1. Which is within 30 Å of SER296 (Cβ to Cβ), free of Cβ contacts under 8 Å to residues at least 24 places away in the same chain and open to solvent by less than 70 Å² (accessible area, probe 1.4 Å), of VAL253, VAL213?
2. Yes or no: region 225-247 includes at least one residue that is over 17 Å from VAL270 (Cβ atoms), over 34 Å from the mean Cα position of the chain (by Cα), among the polar types (S, T, N, Q) and open to solvent by 30 Å² or more (accessible area, probe 1.4 Å).
3. Restricting region 38-79 to residues that are in a helix (DSSP H, G or I) and open to solvent by 70 Å² or more (accessible area, probe 1.4 Å), which is nearest to PRO28 (Cα to Cα)?
4. Collect the residues in region 666-708 that are in contact with a strand residue (DSSP E or B) (Cβ under 7 Å, 6 or more places away or on another chain) and either part of a helix (DSSP H, G or I) or open to solvent by 60 Å² or more (accessible area, probe 1.4 Å) (or both), keeping them in residue-number order.
5. So the check is Cβ under 8 Å with 6+ separation or different chains; which pairs have a first residue in region 720-736 that's among the aromatic types (Phe, Trp, Tyr) and a second one that's surrounded by fewer than 20 Cβ atoms within 10 Å (Cβ to Cβ) and modelled with pLDDT under 90?
6. I'd like to verify a number: residues in region 586-610 that are under 42 Å from the mean Cα position of the chain (by Cα) and either open to solvent by less than 50 Å² (accessible area, probe 1.4 Å) or without any contact (Cβ under 8 Å) to a residue 12 or more places away in the chain (or both), how many?
7. All but one of (1) open to solvent by 60 Å² or more (accessible area, probe 1.4 Å); (2) modelled with pLDDT under 90 hold for GLY191, so report the exception by its number.
Amino acid sequence: MSSSWDGSNDPGSQSDDSFMFERMHIEPIYDAFVCPLTKQVMRDPVTSENGQTFEREAIEKWFKECRESGRKLVCPLTLRELKSTELNPSMALRNTIEEWTARNEAAQLDMARRSLNTGSPEKETLQALRYVQHICHRSRSNKHVVRSAGLIPMIVDMLKSGSRKVRCRALETLRIVVEEDDENKELLAEGDTVRTVVKFLSHELSKEREEAVSLLYELSKSETLCEKIGSINGSILILVGMTSSKSEDLSTVEKADKTLENLEKYENNVRQMAENGRLQPLLNHLLEGPPETKLSMAGILGELVLDNDVKVLVARTVGSSLINIMKSGNMQSREAALKALNQISSCEPSAKVLIEAGILSPLVNDLFAVGPNLLPTRLKEVSATILASVVNSGEDFDSIPLGSDHQTLVSEDIVHKLLHLISNTGPAIECKLLQVLVGLASSPTTVLSLVSAIKSSGATISLVQFIEAPQKDLRLASIKLLQNLSPHMGPELADALRGSVGQLSSLVKVISENIGITEEQAAAVGLLADLPERDLGLTRQLLDEGAFRMAISKVIAIRQGEIRGTRFVTPFLEGLMKIVARVTYVLADEPDAVALCRDQNLAALFIELLQTNGLDNVQMVSAIALENLSLESKNLTKLPEVPEPTFCASFFSCFSQPPVVIGLCRIHRGKCSLKETFCLYEGQAVLKLVALLDHTNVNVVEAALAALCTVIDDGVDIEQGVMVLCEAEGVKPILDVLLEKRTDNLRRRAVWAVERLLRTDDIAYEVSGDQNVSTALVDAFQHGDYRTRQIAERALKHVDKIPNFSGIFPNMG
């Protein structure tokens with residue numbers, strides 16, 4: 001064997017190996033077999049007119065060169081002129097050469113067979129593999145010979161070799177053996193060979209990956225093998241990864257891409273590609289395939305889990321096609337299209353694309369359809385889910401027409417139909433349709449139309465009843481809807497909750513659950529927080545339900561870190577504060593409210609929360625609540641009992657002395673405390689409220705100023721109240737609020753406060769020299785409302801800008 005194989009050649013060199021194979025002969029080469037021009041054994045020997053024999057291709061090339069160069073036609077051996085280019089086939093010689101070649105190839109093939117085993121030296125194995133390549137290149141019929149000789153399984157075994165070179169050459173040889181030979185491909189596909197080849201795709205060595213993907217590409221040209229390649233776990237995933245790899249050789253990437261193109265013939269392969277991020281084949285089939293293929297692709301699309309970016313791409317590419325199928329297909333096609341649209345509509349950008357493609361009208365028609373076009377309940381649920389996703393995309397649905405009659409989603413008739421459907425269907429569809437209404441109620445352009453339609457339908461009580469639904473999703477959707485509606489129909493919702501059997505209790509129960517802070521709890525808190533604060537009946541029911549004590553405990557737990565923050569913690573805390581604060585609106589009418597504030601020391605809690613920087617709404621609500629509490633202080637303070645004069649003192653004034661009572665509040669002239677009478681002075685809250693007057697949020701400033709105004713209000717010692725503000729260095733911040741003119745309400749409040757301050761001569765004297773304050777008061781006097789102009793007039797009198805005798809307005813006190 002070794003003497004027959006030329007060991008001097010490098011097995012890794014293609015050209016050297018090819019030259020070696022031309023010299024590998026078991027029988028000697030006869031001179032008559034060799035073409036004098038090519039020096040190679042002839043395959044198609046022909047004889048010229050002078051009796052010389054050549055390879056046909058070689059002598060024809062010689063004749064062509066003679067003609068093109070203008071030379072005489074001569075014999076390339078004798079150089080004698082030839083009269084004709086006529087060539088005669090040498091059939092006998094050709095047969096002899098073919099017999100000789102066959103005997104040599106058979107012997108050489110036998111030698112190759114003996115070298116194709118794991119025990120052979122690497123060099124001999126590489127040469128044997130190269131020889132198989134050589135004979136396959138030389139003639140396609142030799143591929144049949146290789147198959148018949150049983151060499152294909154032996155080459156496959158070389159894939160398990162410990163030599164990298166042998167493995168690479170075995171892959172290369174298999175590719176050559178199966179090129180344009182379906183029988184060899186089918187033989188190679190038997191057993192686990194294809195699985196083994198796929199494993200090479202993930203090898204670290206790029207050469208093995210390159211050879212493996214080239215072999216798979218060749219195998220994928222056979223339709224019967226496409227299914228097998230795709231069925232191997234991970235094959236399509238790896239190929240898809242290679243097509244997007246920046247580290248792979250360009251030709252490898254190209255082969256992987258072409259392999260995947262061939263694999264697209266089978267739907268299951270298309271599914272796998274889509275699942276692994278290669279969606280275009282599926283989209284192409286959905287756009288261009290026959291109806292049954294479109295149905296199948298839509299079904300696959302409906303089962304995929306897609307990233308949001310991909311959903312947008314899909315919506316742009318096939319959204320219109322899916323909508324058309326949904327509108328006009330049979331029930332099976334409509335189901336597939338609806339499920340696909342459900343999948344891609346679940347993110348805001350893709351939902352907007354579908355809206356532009358015209359999805360709204362057919363969706364609404366499906367929901368309201370009757371007769372032969374009636375969708376089964378399970379598909380109505382899908383339609384409702386899509387509509388909910390689409391409506392929550394943030395588009396202006398007040399301007400998007402539904403059909404030719406120019407109705408919109410918030411047209412009264414459409415809303416009435418949605419409400420009717422909600423009341424006459426199952427929980428799953430109810431939930432989705434409520435989510436549709438949640439989306440419409442979330443938009444400032446549609447909420448008022450929705451509110452009007454709900455009021456005209458008389459559906460408020462029906463919507464409130466869903467608060468008691470046992471299904472969590474349904475309950476959440478209902479509460480979110482009512483929360484969005486409450487700023488616009490608070491009295492109606494309050495009436496419905498007061499008159500209901502258990503909805504208010506259910507809301508309180510949801511909020512009281514100790515499960516962190518859920519979206520449902522935040523929505524429930526938001527709903528109660530936005531209901532009218534001065535609704536005494538509702539407040540009394542909340543007192544009976546223990547809602548205020550529960551809300552207070554939740555606030556304290558959040559402040560102490562016992563309830564950890566989630567994305568809902570801020571709206572939850574803000575809502576709780578508004579709920580707790582509502583008890584301060586009914587102090588004059590509800591003794592139980594006063595008792596609760598005392599028992600829970602609410603004034604102290606609100607003062608503490610004034611300092612929650614970054615939570616503007618909490619600070620604002622706390623200041624408003626302190627205003628309400630402080631306004632009630634003058635009614636709650638315990639005035640001193642003056643002893644009756646003695647008998648002598650009643651007749652002789654010299655025996656009479658004014659009684660001395662110590663420990664009285666400077667402002668309320670009685671016995672005060674923060675806990676019992678909610679006195680801001682006793683609670684040292686004035687300084688903290690003054691600090692809020694330079695807040696960037698005008699609502700916080702207005703609330704803080706309103707609370708401070710209670711210490712200089714009618715019914716208290718205004719002079720002492722002004723002194724308290726001076727001691728807290730609050731005069732200048734109040735004047736600054738007046739000068740800033742941030743809002744009409746704030747100016748109105750500031751003018752009132754400044755007029756009270758200017759009643760003190762020292763302050764009036766100092767302010768009279770400040771031209772800015774005078775100008776601000778004049779501006780309020782000229783441009784304010786009736787009440788503000790009156791107060792500004794009095795303030796200007798205090799600083800002598802208007803004579804005291806020139807009363808422009810009647811004295812209103």
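1. The unique qualifying residue is VAL253.
2. no
3. Per the criteria, the residue is GLU57.
4. LYS671
5. Close Cβ pairs satisfying both conditions: none exist.
6. 6
7. (1)
Every residue, every condition in (1) open to solvent by less than 20 Å² (accessible area, probe 1.4 Å); (2) at pLDDT below 90; (3) assigned to a helix (DSSP H, G or I), yes or no:
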| position | (1), (2), (3) |
| --- | --- |
| SER383 | yes, no, yes |
| ALA388 | yes, no, yes |
| GLY394 | no, yes, no |
| SER399 | no, yes, no |
| LEU421 | no, no, yes |
| THR425 | no, yes, no |
| THR445 | no, no, no |
| SER452 | no, no, yes |
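The values are calculated or read from the model by the stated rules, or taken from the named source; none is laboratory data. Worth saying up front: this structure is predicted, and the values here are computed from it rather than measured. We place every Cβ from the backbone using ideal geometry, glycine too, and count neighbours over all the protein chains shown. Quick note on the areas: whole protein, heavy atoms, side chains included, nothing else; ligands and nucleic acids left out. Shrake-Rupley method; radii C 1.70, N 1.55, O 1.52, S 1.80 Å.
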